[in-house]
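K.L.:
Please see the structure below; I have some questions.
The values are calculated or read from the model by the stated rules, or taken from the named source; none is laboratory data. These figures come from a predicted structure and were not determined experimentally. With ideal geometry, Cβ positions are generated from the backbone for all residues, glycine too; neighbour counts draw on all protein chains shown.
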């Protein structure tokens, strides 16, 4: 089975970052995650990111703010299960107020106090790089995708 292609966004508001407690989906339910999801056939990565952000948070992204940051190759039991394309972005003007949706319970979290214990386990390795605006490529190897113990290998960064 080919790996899932997914987009992931880190959306900032000053010194805070948007995370939502995921209520639905196949992985990371109950965890705090940024907007993103599975790329659909005939959809670009940026189209996916914009669609998923609207579906999950009912907010639109400022198109000029979307910047590619990195890639995550995620393995489950030595099989490449997911390729994550990480972006930074901002909401369009006037869309900073958050409300719970069918998919997430959103909140703004201080960047210097991120609740990594409530996020997918490997986020502690790559989210700080992304928040610094660093470009990176990494492998994450799990026994169970997105959960528990993992091995992180930073392949490259700038």
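K.L.:
Residue under question is residue 6, and the condition is that it be at pLDDT below 95 and either surrounded by fewer than 17 Cβ atoms within 10 Å (Cβ to Cβ) or not in a helix (DSSP H, G or I) (or both); does it hold?
P.N.:
no
K.L.:
Whether any residue in the stretch 104-124 is touching a helix residue (DSSP H, G or I) at 6+ places or on another chain (Cβ under 8 Å), at pLDDT below 95 and under 23 Å from residue 40 (Cα atoms) is what I want to check.
P.N.:
Checking the stretch 104-124: not a single residue is touching a helix residue (DSSP H, G or I) at 6+ places or on another chain (Cβ under 8 Å), at pLDDT below 95 and under 23 Å from residue 40 (Cα atoms).
K.L.:
For the stretch 13-33, state whether one or more residues are more than 13 Å from the chain's Cα centre (by Cα) and within 22 Å of residue 155 (Cα to Cα).
P.N.:
No, every residue in the stretch 13-33 fails to be more than 13 Å from the chain's Cα centre (by Cα) and within 22 Å of residue 155 (Cα to Cα).
K.L.:
From the residues in the stretch 40-78 that are touching a helix residue (DSSP H, G or I) at 6+ places or on another chain (Cβ under 9 Å) and part of a strand (DSSP E or B), which one is farthest from residue 133 (Cα to Cα)?
P.N.:
Among residues in the stretch 40-78 that are touching a helix residue (DSSP H, G or I) at 6+ places or on another chain (Cβ under 9 Å) and part of a strand (DSSP E or B), the one farthest from residue 133 (Cα to Cα) is 61.
K.L.:
Suppose we filter 152, 136 for residues that are modelled with pLDDT of 95 or more, farther than 24 Å from residue 30 by Cα and in contact with a strand residue (DSSP E or B) (Cβ under 7 Å, 6 or more places away or on another chain); which single one remains?
P.N.:
Working: 152 fails: farther than 24 Å from residue 30 by Cα.
Matching residue, one of 152, 136: 136.
K.L.:
Restricting to the stretch 127-149, give me the number of residues that are in contact (Cβ under 8 Å) with a residue 12 or more places away in the chain, within 17 Å of the chain's Cα centre (by Cα) and more than 18 Å from residue 3 (Cα to Cα).
P.N.:
Number satisfying all stated conditions: 8.
K.L.:
Can you tell me which of (1) in contact with a strand residue (DSSP E or B) (Cβ under 8 Å, 6 or more places away or on another chain); (2) at pLDDT 95 or above; (3) under 18 Å from residue 27 (Cβ atoms); (4) surrounded by 15 or more Cβ atoms within 10 Å (Cβ to Cβ) is the one residue 66 doesn't meet?
P.N.:
(3) is the only condition that residue 66 fails.
K.L.:
Determine which member of the set 128, 93, 149 is surrounded by fewer than 16 Cβ atoms within 10 Å (Cβ to Cβ) and in a helix (DSSP H, G or I). So that I can check it myself, show each step before the final result.
P.N.:
Working: 93 fails: in a helix (DSSP H, G or I); 149 fails: in a helix (DSSP H, G or I).
Testing whether each residue is surrounded by fewer than 16 Cβ atoms within 10 Å (Cβ to Cβ) and in a helix (DSSP H, G or I) leaves just 128.
K.L.:
Which residues, taken from the stretch 15-34, are in contact with a helix residue (DSSP H, G or I) (Cβ under 9 Å, 6 or more places away or on another chain) and without any contact (Cβ under 8 Å) to a residue 40 or more places away in the chain?
P.N.:
30, 34
K.L.:
Taking residue 44, is it closer than 27 Å to residue 144 by Cβ and either at pLDDT 95 or above or surrounded by 14 or more Cβ atoms within 10 Å (Cβ to Cβ) (or both)?
P.N.:
Details: closer than 27 Å to residue 144 by Cβ: no; either at pLDDT 95 or above or surrounded by 14 or more Cβ atoms within 10 Å (Cβ to Cβ) (or both): yes.
When the stated conditions are applied, residue 44 does not pass them.
K.L.:
What are the residues in the stretch 50-63 that are under 20 Å from residue 21 (Cβ atoms) and either within 13 Å of the chain's Cα centre (by Cα) or surrounded by 20 or more Cβ atoms within 10 Å (Cβ to Cβ) (or both), if any?
P.N.:
Once the filter is applied, which keeps residues that are under 20 Å from residue 21 (Cβ atoms) and either within 13 Å of the chain's Cα centre (by Cα) or surrounded by 20 or more Cβ atoms within 10 Å (Cβ to Cβ) (or both), the stretch 50-63 yields 52, 53, 56, 57, 59.
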